[in-house]
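What follows is one structure encoded as structure tokens, with my remarks underneath.
The values are calculated or read from the model by the stated rules, or taken from the named source; none is laboratory data. On a predicted model such as this, the values are computed, not experimentally measured, just so you know. Here the Cβ positions follow ideal geometry from the backbone for every residue, glycine too, while neighbour counts run over all protein chains shown.
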Amino acid sequence: MRTNTRKKTAKSLLFSLLATLALSLPTAHAIEPDSDWTAVVEEARGQTVYFNAWGGSDRINSYLQWAADNLQEQYGVTLKHVKVGDIAEVVGQLEAAKQVGRNEDGNVDLMWVNGENFAAMKRNSLTWGPFADNLEHTNIVKDSPSIQFDFSVPVDGLESPWGGAQLVFIHDTAVMDEPPQSAAELLTYVVGGARFTYPAPPAFHGTTLIKQFLIELTDNPEALAKPVDAATFDEVTEPLWVYLDTLHPELRGKGKSWPNSGEATRQLLDDGEVDIALSFNPNEATAAVRSGQLPDSVRTYVFRDGTIGNTHFVTIPWNASAKAGAMVVANYLLSPEAQARKANPDYWGDPTVLDLTRLNEEDRKAFTDIDLGVWALPIGSGKVLPEPHASWAEALEQAWIERYGS
């Protein structure tokens, strides 16, 4: 009897110990978007964050590896860059996961996203919550409409700003001294013998360019700030198709073959096959010149009445496995240290989303010391035009493919 009593007592002590240990362990996914920041950092330590982001640039890939090294050292967070060609494919995977009820342990923790992809995620409840309002560095972000609204869609804290962008043109002054200053002038130049091409939509730079053309050409620009109306779509876009019908036969490739990215147009410019390249980074030419990818005679400009600009973001899916880690990564990407390195063309050259007046003198100096060179878009030059509503991107892509796709 004594033996049985001792066994029962030992078993009771074991259960009591296990219960105590269970209570002391952190609860999985205990963090909420508005959790105390100290608790977020503590839970993030030891987590692995799978960051789905475009992988088509060596400079960007190297930058993310640098960020990963610092995140591991400073926060104990492992950042894995999952290189993707089109983030829309990841959005589609998340939509499928939502439909089958996979609401936990998702394999995407953080995403590089904006525009129609964010709109789709918000519409289908694929985002986690207003985490961006709770990040440590939110208070040094610019107070900008393009940060509060993503392609006219309210952000509502569901994504955290990462960088600024504007459609720019790069030309070689050794070949073209006075580049075209509008869509109409571009057509005149191309018909007159200038060499030009653009990526076929849905490639991002191609879609952006036809949106730029539409803003300039439509008789009803007010419609672009609202969701697409099928009843008026043909009327609003008719001038665009007339323009492209004239432009395409004059392009490199005669409207039958297309470069696959903005980076490809830059290579064509370097090879002497086109006179103007496209970029969505006002500082890309500087980085390309310094790395030997473009001659030092190139310059960057925008159209006379401005070009489309926006902000790109990171967001956390609703079923992410490492939400705390993803918040820490998003916050680090907003740090003056990370933003200053990203703004430097030697590493990336992506314009910052930080308000420099809110930084201390040392942090501000890290930005003001950056030498953008003569090849970048001069700071303060060129009006930034707002993006059309997110729904216009997909509608224009579908219509373009129906008319010109193979």
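Things to note:
- For segment 246-287, residues that are touching a residue at least 60 places away in the same chain (Cβ under 8 Å) and not in a loop (DSSP other than H, G, I, E, B) total 18.
- Here VAL289 meets the list (1) crowded, with 19+ Cβ neighbours inside 10 Å; (2) in contact with a helix residue (DSSP H, G or I) (Cβ under 7 Å, 6 or more places away or on another chain) almost entirely, failing just condition (2).
- Boolean, ASP133 is assigned to a loop (DSSP other than H, G, I, E, B), touching a residue at least 12 places away in the same chain (Cβ under 8 Å), more than 15 Å from the chain's Cα centre (by Cα) and in the same structural domain as PRO345 (by TED's automatic domain parsing): no
- Within segment 214-240, tally of residues that are of a type outside the set (S, T, N, Q) and either buried (at least 18 other Cβ atoms within 10 Å of the Cβ) or not assigned by TED's automatic domain parsing to the domain that holds GLU394 (or both): 9
- Every condition in (1) in the same structural domain as SER160 (by TED's automatic domain parsing); (2) touching a helix residue (DSSP H, G or I) at 6+ places or on another chain (Cβ under 7 Å); (3) assigned to a helix (DSSP H, G or I) holds for THR352 except the one numbered (3).
- Checked against (1) in contact with a Leu (Cβ under 9 Å, 6 or more places away or on another chain); (2) of a type in the set (Ser, Thr, Tyr); (3) assigned by TED's automatic domain parsing to the domain that holds LEU64, SER321 passes all but a single condition, namely (1).
- Yes/no for ASN70 being among the polar types (S, T, N, Q), part of a loop (DSSP other than H, G, I, E, B), at pLDDT 95 or above and on the phi < 0 side of the Ramachandran plot: no
- For segment 155-191, a residue qualifies if it is over 20 Å from THR352 (Cα atoms), modelled with pLDDT under 95 and not hydrophobic (A, V, I, L, M, F, W, C), and the qualifying residues are ASP177, GLU178.
- Residue that is nearest to ALA288 (Cα to Cα), among those in segment 154-184 that are part of a strand (DSSP E or B) and of a type in the set (D, E, K, R): ASP172
- Positions within segment 308-361 being among the hydroxyl-bearing types (Ser, Thr, Tyr) and surrounded by fewer than 24 Cβ atoms within 10 Å (Cβ to Cβ), in sequence order: SER321, TYR332, SER335, TYR347, THR352, THR357
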